[in-house]
Ligand SMILES: *Cc1c(COP(=O)(O)O)cnc(C)c1O
């Protein structure tokens, strides 16, 4: 059965079909993105439709964002009800649904307090500011340093792009923000000696539990436990960037649960709103040093986004979606592992947690992640690279067993012909 016959054709407004012009788009929108030759106009579950009416199995999910897939009834209901009631006021006033969402997040994590904003970068900015204030007011460090990892990704604002340990994202944006130093990931000796060399100036260590953008590199349990212990001994804050791996994607609510540790501060965004823009900085009561006037965001935690994110959280819990993430993740890795055995000259490794997985390509093969992604797209499967040699699989967390099987059979055809 082909993809086209497997899925009923959608009702798309005829004017949207084929009316799209890339040239016109690029004459108005800044070309900050290298976009694929594909324009999407409709989604349902794990399927999206392009302007020609062709369907794709969406294993990108807006880059690990559309937790409940596209057009989920719980989201439609929450969006509709809230937009008819109250969209936006201001944090000049109490917003009850913001409190409800914070209560859910606190009940389902190690955090005691939440600050809401609009994106992953903004959530990390909040974490950085919180750690700096803690350094100045509690630790008595006048020039605090935050250690981050090589190959990390923390966002594109100036502070978070500086925190991002990838020189390609820094090029042409100097002067960067001071107070960041980089260490290799999953290397405890390196972080221990960096802390010693900085002689009491390290305020925080900021890491992803699993590096997403940097190549789907899971954190090692022993490493994170040693880092946690080092932080405890030295009074250093541990900040975890859960923007990509949090909110159930790893098969647990938070990536740190895979590592058997708790952070002092962590951040969430991508999956939190399942496509509605929201971010959050969460912390333990012990480092909650923000006071009125210290930090703010006009849209942060408005009634609209909080009602939708609360619906996402409640749906994850009510429908026991974490169990699906675990089962579908195992199924996906088993299928990818079979492909790795079948195509050993192309694939070197399969790795990941839950529904964030990477397929690493052989270093000496001339096939890059982008080649697989383009061929899979032509065959009806959307995937996203994580660096030059890793293909990333981050489908909606509601993905079905049949959809996982279909992704593997499409990829099998792609690998046989590439
Ligand atoms: C995507 C991402 C960010 C940045 O999030 P934006 O919403 O694009 O600002 C930060 N950290 C990690 C780990 C991410 O994957």
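Only the coordinates and a few stated rules stand behind these numbers; no lab work does. No experiment lies behind these values; they were computed from the predicted model shown. All Cβ positions, glycine included, derive from the backbone under ideal geometry; neighbour counts span all protein chains shown.
Using the eigenvalues of the Cα gyration tensor, what equivalent ellipsoid semi-axes result for segment 18-152 when each is taken as the square root of five times the eigenvalue, whole Å, largest first? Kindly include the intermediate steps, with their values, before the conclusion.
Values: eigenvalues 262, 116, 50 Å².
Result for segment 18-152: semi-axes of 36, 24, 16 Å.
Counting alpha carbon pairs within less than 8 Å and at least 6 residues apart, what relative contact order, in whole percent, applies to the chain? Display every interim value, and only then the final one.
Details: 815 pairs, mean separation 88.7, N = 418.
Averaging sequence separation for qualifying contacts and normalising by length gives 21 percent for the chain.
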Handout entry: With Cα atoms, 0 to 90° folded angle of helix 96-107 axis to the chain main axis
Key = 80
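What are the equivalent ellipsoid semi-axes of segment 72-146, built from the alpha-carbon gyration tensor (square roots of five times its eigenvalues), in whole angstrom, biggest first?
On the way: eigenvalues 211, 37, 31 Å².
The answer is 32, 14, 12 Å, longest axis first.
Starting from the exponent 0.38 and prefactor 2.2 Å, build the expected Rg for the chain from its residue count and divide its actual Cα Rg by it. Don't jump to the answer; show the numbers that get you there.
Numbers: Rg = 21.6 Å, N = 418, 2.2 N^0.38 = 21.8 Å.
Scaled against compact globular proteins, the figure is 0.99.
Normalized C-alpha radius of gyration of segment 230-276, against 2.2 N^0.38 Å? Mind showing how you got there, number by number?
Working: Rg = 11.9 Å, N = 47, 2.2 N^0.38 = 9.5 Å.
Expressed relative to 2.2 N^0.38 Å, the Cα Rg reads 1.25.
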Practice task
State whether segment 34-86 is rounded, prolate or oblate according to the following rule on the C-alpha gyration tensor (a ≥ b ≥ c being the square roots of its eigenvalues): a/c under 1.5 gives rounded; otherwise a/b larger than b/c gives prolate, and the remaining case gives oblate.
Solution key: prolate
Handout entry: C-alpha center-to-center spacing [segment 32-63, segment 303-354] in angstrom
Key = 19
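If you scale each eigenvalue of the Cα gyration tensor by 5 and take the root, what three semi-axes come out for segment 74-318, rounded to whole angstrom and sorted largest first? Each step should come with its number before you reach the end.
On the way: eigenvalues 180, 72, 57 Å².
Output for segment 74-318: semi-axes of 30, 19, 17 Å.
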Problem - Angle between the chain longest axis and helix 401-417 axis [Cα atoms, degrees, rounded to 10] - result: 70
Handout entry: 5 Å binning of all Cα-Cα separations within segment 320-418, expressed as whole percents from 0 upward
Key = 2, 15, 26, 28, 18, 8, 3, 1, 0
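Based on the mean of other Cβ atoms within 10 Å per residue, sort peptides 289-302, 228-241, 57-70 so the most packed one is first.
On the way: 289-302: 15.1, 228-241: 20.1, 57-70: 23.9.
Most protected by this proxy first, the peptides run 57-70, 228-241, 289-302.
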Fill in the blank from the handout: Final fewest-first order of 348, 109, 407 on the 10 Å Cβ neighbour count is 348, 109, 407
Fill in the blank from the handout: Rounded to the nearest 10, the angle in degrees between the Cα long axis of helix 221-234 and the longest principal axis of the Cα atoms of the chain comes to 20
